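Written out below as structure tokens is the structure these notes cover.
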Amino acid sequence: MAAPNPKVPFLDTEWLTSKGSDAARVVRLLAEHSQPLERLAEERVHRTVLFFGSARSMSREDWEASVAKATESGDADELARLHSIEWMCEWYSHTRELARRIGEWQLERCSSRTGPEYVVATGGGPGLMEAANRGAREGGARSMGVAVTLPFEDCMNRFVDERLAFRMHYFSTRKMVLADRACGIVATPGGLGTFDELFELATLVQTGKVGGRRDPWKAFMPIVLLGGTAFWRKVMNLDALVELGTICKADLDRMVIADTVDEAFDAVVAGLLRVEEAWHQSEDDSGTPAAAASHGRASKSLLGAVGLISAASSRPEDDW
């Protein structure tokens, strides 16, 4: 009779991918949280400008090609769908331009060592996420994508840098990784996913979970809503929330609703400069940003929260 030859647990893919094991799920969550942050540290990605937006948008060229294909095949339902989203072609162009301008701005400052690098980050998917990654490439910025596995969406657009491309199973870890390095947020027209991400990050800032003692400079990060009158003012009324007392005016003032690329660019840049100023003001007597020093001391990760394991991660010191 042969002796047993059990697998080492971390090589037991049957167990690791088991949907019925709560313990395996915790390991998967930890992996999705820790592996991307470790690679970001290796790649020296310290600051990002985070873009949210609809996956259903297309460039004008792709939209016209899709219409031609649906017309040729006689697919009336697809034609109706395409005509309902035609208006977003304009915002694909605007999002691409905004990301390009942010890329050029940060590249010029990096080259002259007058400012830090900002990586443009998105959910990695198609549509307005693609537009932001595409514009970043064109503007000379590094382009990051954190995609989630979905049955109806391509996993990753082709404008994401290979070393900054991440694929997730869990929405929760995807949002944690996207938020971790964010110093600015641009929300472009979108649906449930865009609203979920926008309001979750706005809530984290409101409650001090982002912009608290660990990273106080993030309290100043810009939250810019590109597509103001055409979209945001049409689909939500934040002023009514202030009037009804469910949020305060300070919460509303954190968000800048921009109708044009110029307005959005100016708001993003002004916000990032405020973040940089707050970063410098957080320096301790040794010249190291206090929040960076405290974060560099083995911060708790998912399992660390219950005392089982901790993962070391670090914020950069002043890198320009």
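Observations, loosely collected:
- Close contacts from the stretch 62-91, counting a first residue that is among the polar types (S, T, N, Q) and a second that is part of a loop (DSSP other than H, G, I, E, B), with Cβ to Cβ under 9 Å and a gap of 6+ residues or different chains, come to Ser66/Met58.
- Some residue of the stretch 247-254 being part of a loop (DSSP other than H, G, I, E, B), surrounded by fewer than 16 Cβ atoms within 10 Å (Cβ to Cβ) and at pLDDT below 50: no
- Close pairs (7 angstrom Cβ cut-off, 6 or more residues apart or separate chains): surrounded by 22 or more Cβ atoms within 10 Å (Cβ to Cβ) in the stretch 145-164, acidic (Asp, Glu) and in a loop (DSSP other than H, G, I, E, B) anywhere: Leu164/Glu43
- Candidates Ser73, Ser57, filtered to the one that is among the polar types (S, T, N, Q) and surrounded by 14 or more Cβ atoms within 10 Å (Cβ to Cβ): Ser57
- Those residues of the stretch 201-240 which are without any contact (Cβ under 8 Å) to a residue 12 or more places away in the chain and assigned to a helix (DSSP H, G or I), in sequence order: Thr203, Lys234, Val235, Ala240
- Selected residue [surrounded by fewer than 24 Cβ atoms within 10 Å (Cβ to Cβ) and farther than 18 Å from Gln35 by Cα] from Gly140, Gly127, Gly135: Gly140
- Considering residues of the stretch 76-88 that are part of a helix (DSSP H, G or I) and not small (Gly, Ala, Ser) only, the residue surrounded by the most Cβ atoms within 10 Å (Cβ to Cβ): Met88
- When residues of the stretch 98-124 are limited to those that are of a type in the set (D, E, K, R) and modelled with pLDDT of 95 or more, the one surrounded by the fewest Cβ atoms within 10 Å (Cβ to Cβ): Glu108
- Which numbered condition Leu50 fails, given (1) within 24 Å of Phe195 (Cβ to Cβ); (2) assigned to a helix (DSSP H, G or I); (3) within 20 Å of the chain's Cα centre (by Cα); (4) hydrophobic (A, V, I, L, M, F, W, C): (2)
- Within the stretch 24-39, not a single residue is hydroxyl-bearing (Ser, Thr, Tyr), part of a helix (DSSP H, G or I) and free of Cβ contacts under 8 Å to residues at least 40 places away in the same chain.
- Positions within the stretch 166-187 being farther than 19 Å from Phe265 by Cα and β-branched (Val, Ile, Thr), in sequence order: Thr173, Val177
The values are calculated or read from the model by the stated rules, or taken from the named source; none is laboratory data. Here the structure is a predicted model, which is why all the values come from computation and not from measurement. All Cβ positions, even for glycine, are placed from backbone atoms using ideal geometry, and neighbour counts span all protein chains on display.
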